[in-house]
Amino acid sequence: MPVEPPSTPWRIPAPRRTDREGLVGIGADLEPGTMLAAYRAGVFPMPLTRVLGWFSPDPRAVLPVDGVHVSRSLVRSRRRFEVRTDTAFAEVVAACGDPARPGAWITPAMATAYDSLHELGWAHSVEVWSEDGRLAGGLFGIAIGGLFAAESKFHVDTDASKVAVVALADVMAVAGDGVDRLIDVQWSSHHLATLGVVEISRAAYLRRLERALALRSPFDEAGRGQKR
């Protein structure tokens, strides 16, 4: 079970009026209590040029647990990999945060914050391993109740990150109440849309978030190193 950290001393801004990108506030810190309070309020951190920004986009991009698009080629690709959870969290974050990647945003401070949440049982990785034992791809994010806030994914081998997304949906669907579970991917893209990601209004997202937070996280039962 995850360990609840000390409460944040900061007031998390309400996700109401924002700028075009969904910015609701700046500043504060990346302590576990602050991070969890923000995610529970529908807000997430993102580093800006000189300060820390807190965002709540409208619309919000989500992946329906039962709505992942799995092509025939992806079905074939899945057979080439083994999927595990939480056996290489730091490696997944490091790969996602590679500064050589276009749009890299995971600073050392952000990586440290995610590692702290992982140690407390709130942050998790879904890893895709090749047949010869290499880390071929994966994703990581924050799990709170029935919410999984997916932060980033990467791949070395073709389709490995897509396999991680499908595996995440499988984990989230295990409890049988997938309609109330929520995979948040923040902003959509053409690539994410091909996997089934849709956009909903912020108001709809916050309503769904409230229901999701009341559920038990499937990662609490999964255990580290679980094969999928």
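Computed from the coordinates by the stated procedures, all read-outs in this text should not be read as laboratory data. On a predicted model such as this, the values are computed, not experimentally measured, just so you know. Neighbour counts are summed over all protein chains in view; Cβ atoms, including those assigned to glycine, are modelled from backbone coordinates with ideal geometry.
General remarks:
- Of residues in the stretch 137-170 being of a type in the set (Gly, Ala, Ser) and over 18 Å from ARG80 (Cα atoms), the one surrounded by the fewest Cβ atoms within 10 Å (Cβ to Cβ): GLY145
- Residue within the stretch 6-29 that is surrounded by 18 or more Cβ atoms within 10 Å (Cβ to Cβ), in a loop (DSSP other than H, G, I, E, B), of a type in the set (Phe, Trp, Tyr) and more than 17 Å from the chain's Cα centre (by Cα) present: no
- Test: residue in the stretch 154-173 that is assigned to a strand (DSSP E or B) and out of contact with any Lys or Arg (no Cβ under 7 Å at 6 or more places or on another chain): yes
- Of the strands (runs of 3 or more DSSP E) lying entirely inside the stretch 37-114, those containing at least 1 residues that are within 22 Å of HIS191 (Cβ to Cβ), among the aliphatic types (A, V, I, L, M) and in contact with a Phe, Trp or Tyr (Cβ under 7 Å, 6 or more places away or on another chain) are 44-47, 60-63.
- Of the criteria (1) farther than 19 Å from ARG207 by Cβ; (2) in contact with a helix residue (DSSP H, G or I) (Cβ under 7 Å, 6 or more places away or on another chain), which one ARG20 fails: (2)
- Among the candidates ALA173, ALA193, residue that is of a type in the set (A, V, I, L, M, F, W, C), over 16 Å from ARG40 (Cβ atoms), surrounded by fewer than 21 Cβ atoms within 10 Å (Cβ to Cβ) and without any contact (Cβ under 8 Å) to a residue 24 or more places away in the chain: ALA193
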